[in-house]
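Everything on this sheet refers to the single structure shown next.
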Amino acid sequence: MAPRRGAVVSTPDASTIADLFAVRTSLETVAARLAAERATPGDVSDLRTLLEAAQRATERADFSRVAELNNELHLRVIAISGNPWLSSISSSMYLHVNWVFRPGAAHRAPHSWAEHIRLVDAIEAGDPKEAEAAASAHVAAAAAAALENLGLR
């Protein structure tokens with residue numbers, strides 16, 4: 001809050017985005033690899049349900065819901081990894097990821113969900129290397145989109 005101005009919303013700068021996505025890359029690639037090793041058919045079904053809901057929300061242009069589903073999907077992959085440290089650290093991180101994702105959701109959603117499908121396919125196949133590669137490519141694309149959306153690239 002600023003005196004006589006009210007609430008001021010801060011906008012992340014390029015350094016903030018780079019730092020956030022560096023951590024996100026490290027956490028999500030490990031989570032994806034572990035999820036591919038540990039996922040049950042029920043886990044994969046849960047991920048597919050989230051993908052379907054996201055497809056419907058994207059088609060309805062309900063980008064607030066798309067952002068929620070984005071978080072749910074990523075946090076579900078992290079939960080499937082079975083690593084409580086990843087879950088603990090990521091829940092805090094995702095408050096910030098959401099802050100960056102929401103403004104560009106309309107543009108990013110179709111690309112993001114195609115990348116998510118690749119990730120879920122790798123998890124379902126039990127392919128840790130492909131899951132890790134899919135997560136890495138997805139986070140890199142999301143970082144580039146965040147920088148572009150904020151006019152920083």
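Just so it is clear, none of the values below were taken in a lab; they were calculated from the coordinates. All values derive from a computational prediction rather than experimental measurement. Heads up, the Cβs are rebuilt from the backbone with ideal geometry, glycines too, and the neighbour counts pull from every protein chain shown.
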query = Taking R0 as 30 Å, what's the FRET efficiency between Arg118 and Trp85 from their Cβ-Cβ distance, rounded to 0.05?
reply = 0.70
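Around Asp43, what is the net charge, scoring Lys/Arg as +1 and Asp/Glu as -1 over all other residues with Cβ under 14 Å from its Cβ? Working shown, then result.
Numbers: positive: Arg38, Arg48, Arg76; negative: Glu37, Asp46, Glu72, Asp121, Glu124.
Summing Lys and Arg as +1 and Asp and Glu as -1 gives -2.
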Compactness relative to 2.2 N^0.38 Å, alpha carbon Rg of segment 14-149 = 0.95
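Net charge within 9 Å of Ala137 by Cβ-Cβ distance, Lys/Arg positive one each and Asp/Glu negative one each, not counting Ala137 itself? It would help to have the intermediate numbers written out before the result.
Numbers: positive: Arg118; negative: Glu115.
Once all neighbours under 9 Å are counted, the net charge is 0.
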ask   = Distance in nm between label sites at Arg4 and Ser92, each 7 Å beyond Cα in the beta-carbon direction?
value = 3.8
key: Cα-based equivalent ellipsoid, segment 23-64: semi-axes from gyration tensor eigenvalues, Å   = 24, 16, 5
note = Here the gain from full extension of Glu59 to Ser26, 0.36 nm per residue of separation minus their alpha-carbon distance, amounts to 8.8 nm
note = To the nearest 10 degrees, the tilt of helix 128-149 (Cα long axis) against the first principal axis of the alpha carbons of the chain is 20
request  = Taking the chain as the reference, fit the longest principal axis to its C-alpha atoms, fit the long axis of helix 14-38 to the helix C-alpha atoms, and give the angle between the two in degrees, 0 to 90, nearest 10.
outcome  = 20
